[in-house]
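Read through the structure below, which is laid out as structure tokens, and then see the notes.
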């Protein structure tokens with residue numbers, strides 16, 4: 001944790017309010033995101049109990065599994081979920097625009113630009129907390145290899161149509177969520193904690209109710225719980241404590257956790273008796289001897305199922321409302337300058353997976369080969385460095401953190417001396433003297449960068465002007481000045497200009513090219529004598545949109 005982040009948390013503890021950790025919003029928010037609030041059964045990983053899902057905050061779709069141990073009911077739940085999510089995804093897959101992409105010509109080996117389709121927008125999924133991201137990945141892994149009745153008529157538990165397709169999409173979204181800066185699938189707690197610093201730990205920030213209590217503290221409910229600037233509101237710590245621990249007369253949490261796990265008191269006191277009642281009603285219906293008795297027992301079964309639906313709704317609706325409340329807070333921040341660029345890369349990712357599905361390619365493998373895994377790791381490392389640089393360029397508060405760490409400096413230009421490089425064709429190399437109060441970690445001839453018209457301009461550290469304690473840094477500008485003998489207008493700072501230089505690069509370079517999978521060394525699973533990878537299930541017509 002940086003010094004500024006630590007100070008922000010201390011300030012939050014002191015004032016009883018979350019403190020801004022950013023001045024702009026660093027992630028894209030869709031106009032109509034799909035919110036998914038899942039709930040799972042205790043004691044069995046991935047067993048769905050229910051969910052609220054939809055794009056309308058006032059009319060969510062409630063999905064419930066009245067008996068989570070019943071495979072048929074689980075598949076019915078997944079089929080319902082596919083019926084909501086896939087049309088939402090399909091609505092974005094049809095609207096495309098022309099875009100250029102650089103590809104390698106297979107004949108010449110040169111990089112050429114080709115015109116391809118790019119989806120004009122991409123569907124965005126929002127889950128309450130980081131545990132929701134793990135659950136989406138788990139659902140995708142458990143669904144994309146399911147056999148349908150068309151694929152295997154003798155399968156004991158065939159999956160409904162389109163369930164494998166939903167698994168492929170959830171797997172893609174789960175993998176994309178691991179790429180820093182991606183906004184296809186995001187956890188609201190991560191978004192909020194990126195933009196506000198609270199007076200609690202990062203683990204406690206994963207409780208959506210407690211996190212919102214710090215950011216948008218509700219009125220105090222106990223007399224005397226006031227703070228000097230709170231206008232009658234309790235402190236964030238008090239509100240967070242109520243959100244985590246407050247219970248009603250039945251011993252149930254007033255603010256259920258953001259899921260997908262449930263509270264043990266809810267499981268033992270309300271859910272377990274309701275499921276037992278449902279099981280008894282279903283057994284009674286199966287043993288009915290005449291139509292009149294069957295009608296009565298069907299009514300009892302419907303009653304028991306409705307009780308479970310009401311319980312699931314009571315646990316998910318508070319979190320559903322909290323998600324939309326958090327989105328309202330985030331929309332109040334202006335969008336950062338590089339957010340749209342990162343969203344465009346998300347659109348490319350969505351378009352690429354859409355094309356793979358339409359082309360009939362098989363589902364994602366259970367395990368990546370060595371080259372694919374290395375490419376994924378390199379992409380995440382590159383995107384993490386790019387994200388950190390872009391956030392600093394977009395946000396002066398983030399840049400202040402980098403300046404404090406000695407990774408950037410800001411100041412005023414006090415002198416500009418024109419100089420030229422040596423050689424047959426001398427190029428302009430102006431010397432710019434900057435006065436700064438920052439203490440950057442500059443080595444001899446170290447490269448520094450500033451943003452010039454959205455592009456990085458490089459300079460070299462040429463030394464100090466006078467006593468180093470005076471903070472006068474001499475920089476030699478080395479590029480982005482045009483090709484003439486004289487620098488282009490505006491390409492060189494002028495005396496009196498305020499400038500900000502960074503020691504980190506603004507654009508990340510690509511790494512070394514990896515070998516093709518068939519040329520991978522045997523030490524990494526390649527030839528000779530490589531093991532044959534496990535083949536994925538065949539694709540059927542049901543896997544297509």
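Read-outs: derived from the displayed coordinates by stated rules, not from any lab. Keep in mind it's a predicted model, so treat the numbers as computed, not measured. No Cβ is skipped: glycine too gets one built from the backbone with ideal geometry, and neighbour counts run over all protein chains shown.
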In units of 2.2 N^0.38 Å, what is the alpha-carbon radius of gyration of the chain? 1.19
Suppose a student asked you for the relative contact order of the stretch 408-502, using Cα pairs under 8 Å spaced at least 6 residues apart; what percent would you report? 36
Over all alpha-carbon pairs of the stretch 408-502, lay out the pair-distance distribution in 5 Å bins, whole %, shortest bin first. 3, 14, 25, 28, 17, 9, 4, 0
Between residue 283 and residue 1, what is the label-to-label distance in nm when each label sits 7 Å out along the Cα-to-Cβ direction? 5.2
As a check on your grasp of the helix formula, calculate [θ] at 222 nm for the chain: sum -39500 (n - 2.57) over DSSP H runs of n ≥ 4, divide by the residue count, round to the nearest 500. -12500 deg cm²/dmol
Can you sort 349, 427 so the residue with the fewest Cβ neighbours within 10 Å comes first? 427, 349
Antiparallel versus total DSSP beta bridges in the stretch 83-168: what percent is that, nearest 5? 90
Once the Cα atoms of helix 163-176 and of the chain are each reduced to a long axis, what angle between those two axes, in degrees from 0 to 90 to the nearest 10, is obtained? 30
Taking just the alpha carbons, could you work out the radius of gyration and Dmax for the stretch 9-54, both in angstroms? 17.9, 42
So for each of 278-288, 245-255, 167-177 I average, over its residues, the number of other beta carbons within 10 Å; can you give me the resulting order with the highest mean first? 167-177, 278-288, 245-255
Ordering of 149-161, 203-215 by packing [mean C-beta count within 10 Å, highest first]: 203-215, 149-161
Report, to the nearest 10°, how far helix 130-143 tilts away from the longest principal axis of the Cα atoms in the chain, using its own Cα long axis and a range of 0 to 90°. 60
Please check which bits of the stretch 253-285 a label hung off residue 302 would reach, taking the label as a point 7 Å along Cα-to-C-beta and the cut-off as backbone N under 19 Å. 277-285
Could you tell me whether the stretch 16-139 comes out rounded, prolate or oblate from its Cα gyration tensor? Rule is a ≥ b ≥ c as square roots of the eigenvalues, rounded for a/c under 1.5, then prolate if a/b exceeds b/c, otherwise oblate. prolate
Between 0 and 90 degrees, rounded to the nearest ten: what's the tilt of helix 291-331 against the longest Cα principal axis of the chain? 10
Using only the Cα atoms of the stretch 72-228, build the gyration tensor, take square roots of its eigenvalues as a ≥ b ≥ c, and label the shape rounded, prolate or oblate: rounded if a/c is under 1.5, else prolate if a/b is larger than b/c, else oblate. oblate
Can you give me the distance in nm between label points at residue 99 and residue 441, each placed 7 Å from the Cα along the Cα-to-Cβ direction? 3.6
Taking neighbour counts of Cβ atoms within 10 Å as a proxy for exposure, in what order, fewest first, do 504, 266 appear? 504, 266
I want to check the label-to-label distance for residue 384 and residue 504. Put each point 7 Å from Cα in the C-beta direction and report it in nm to one decimal. 1.1
What is the order of 481, 143, fewest Cβ neighbours within 10 Å to most? 481, 143
List the relative contact order of the chain as a percent without decimals, with contacts defined as Cα pairs under 8 Å and 6+ residues apart. 16
